[in-house]
Amino acid sequence: MSWETRAANNLLPLSWDKDSLSQALREWRYTGDYHDLEAPSVNCELCDHPDIRYQFEIRNLHTAERLLIGSECIHRFGIAATDEEGRTLDALATRKKVDRDRRQLVEDARRRRLVTALVALANVEPDFNVHSFIDYLQTRGAFTPKQLATVLWRLKKKGVVHSPQDFKLTIRRSREKAQLLSLKDWEMVLVRPCLTSEQSAYLEKVAHRRTILDHLLD
């Protein structure tokens, strides 16, 4: 059974137009309500695609019916979104809104996993002031190189389940760049998975300059 057939079976009974899928789709809007189930555990209510984690709610303008669907179905079936004032957005603005909302869902999930790992660390190592790290995270959204190396080392030492990719590094300030460059080899191994592509490129650029300088000084 095709996606279109499945969508028609699910959508038409809830729509005003019950004959044409293309016409019925024009009755539906994505209004910006979304949910994170924290696990891929349900089917898309429009196309029946399995293992959906992030649900996006669409509503019918005439029947007030609602469906919880995957973000790709909004794009695939050309469902329009509305802005904060209820105005219908064009295709480009809809795509931007949906993609922005999905990124927010992913970011929120990453932040929850990170805080959960820090709280778990506080439970097994009460002498370590994890709350200061959480406060810093809330303020800046990322850790300095020294902070990051320290917390990752303690998480690993205590066997706390975590994903290094959930942690972000900040090197916007000169002293933070200096910290990164002064990390010991074992510390650098810990923080490497947390670096963005731009941060990794910065490290490679600095290393290249040092190689050239060492060659000139030989």
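Among residues of the range 10-31 that are closer than 15 Å to Glu45 by Cβ, those with a beta-carbon under 6 Å from a residue that is of a type in the set (Asp, Glu) and surrounded by fewer than 17 Cβ atoms within 10 Å (Cβ to Cβ) at least six positions away or on a different chain give the pairs Leu14/Glu65; Ala24/Asp17.
With respect to the conditions (1) crowded, with 16+ Cβ neighbours inside 10 Å; (2) touching a Phe, Trp or Tyr at 6+ places or on another chain (Cβ under 9 Å), Thr63 falls short on a single one, namely (1).
For the range 125-143, the condition holds for no residue, the condition being that it is in a helix (DSSP H, G or I), more than 23 Å from Arg173 (Cα to Cα) and among the basic types (Lys, Arg).
To keep it simple, each residue is scored yes or no on (1) in the same structural domain as Arg209 (by TED's automatic domain parsing); (2) more than 22 Å from the chain's Cα centre (by Cα); (3) surrounded by 14 or more Cβ atoms within 10 Å (Cβ to Cβ); (4) not aromatic (Phe, Trp, Tyr).
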| position | (1), (2), (3), (4) |
| --- | --- |
| Glu125 | yes, yes, yes, yes |
| Leu148 | yes, no, yes, yes |
| Lys168 | yes, no, yes, yes |
| Leu181 | yes, yes, yes, yes |
| Lys184 | yes, yes, no, yes |
| Cys194 | yes, no, yes, yes |
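Of the residues His131, His162, the single one that is closer than 29 Å to Tyr34 by Cβ and either surrounded by fewer than 15 Cβ atoms within 10 Å (Cβ to Cβ) or touching a residue at least 40 places away in the same chain (Cβ under 8 Å) (or both) is His162.
Which residue out of Ala64, Ala80 is under 16 Å from Trp28 (Cα atoms), free of Cβ contacts under 8 Å to residues at least 24 places away in the same chain and among the small types (Gly, Ala, Ser)? If you could, list the steps in order and put the result at the bottom.
Working: Ala80 fails: free of Cβ contacts under 8 Å to residues at least 24 places away in the same chain.
It is Ala64.
Which of the residues that make up the range 1-16 are among the small types (Gly, Ala, Ser) and crowded, with 17+ Cβ neighbours inside 10 Å?
Filtering the range 1-16 for residues among the small types (Gly, Ala, Ser) gives 2, 7-8, 15.
Hits for the range 1-16 are Ala7, Ala8, Ser15.
Yes or no, residue by residue, for (1) surrounded by fewer than 16 Cβ atoms within 10 Å (Cβ to Cβ); (2) at pLDDT below 95; (3) within 20 Å of the chain's Cα centre (by Cα):
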position	(1), (2), (3)
Ala24	no, no, no
Glu38	yes, yes, yes
Glu57	no, no, yes
Cys73	no, no, yes
Ile79	no, no, no
Glu84	yes, yes, no
Asp99	yes, no, yes
Leu118	no, yes, yes
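With respect to the conditions (1) at pLDDT below 95; (2) closer than 25 Å to Ala39 by Cβ, Glu125 falls short on a single one, namely (2).
The values are calculated or read from the model by the stated rules, or taken from the named source; none is laboratory data. Remember, it's a predicted structure, so these values are computed and weren't measured experimentally. Ideal geometry is used to build each Cβ from the backbone, glycine not excepted, and the neighbour counts take in all protein chains shown.
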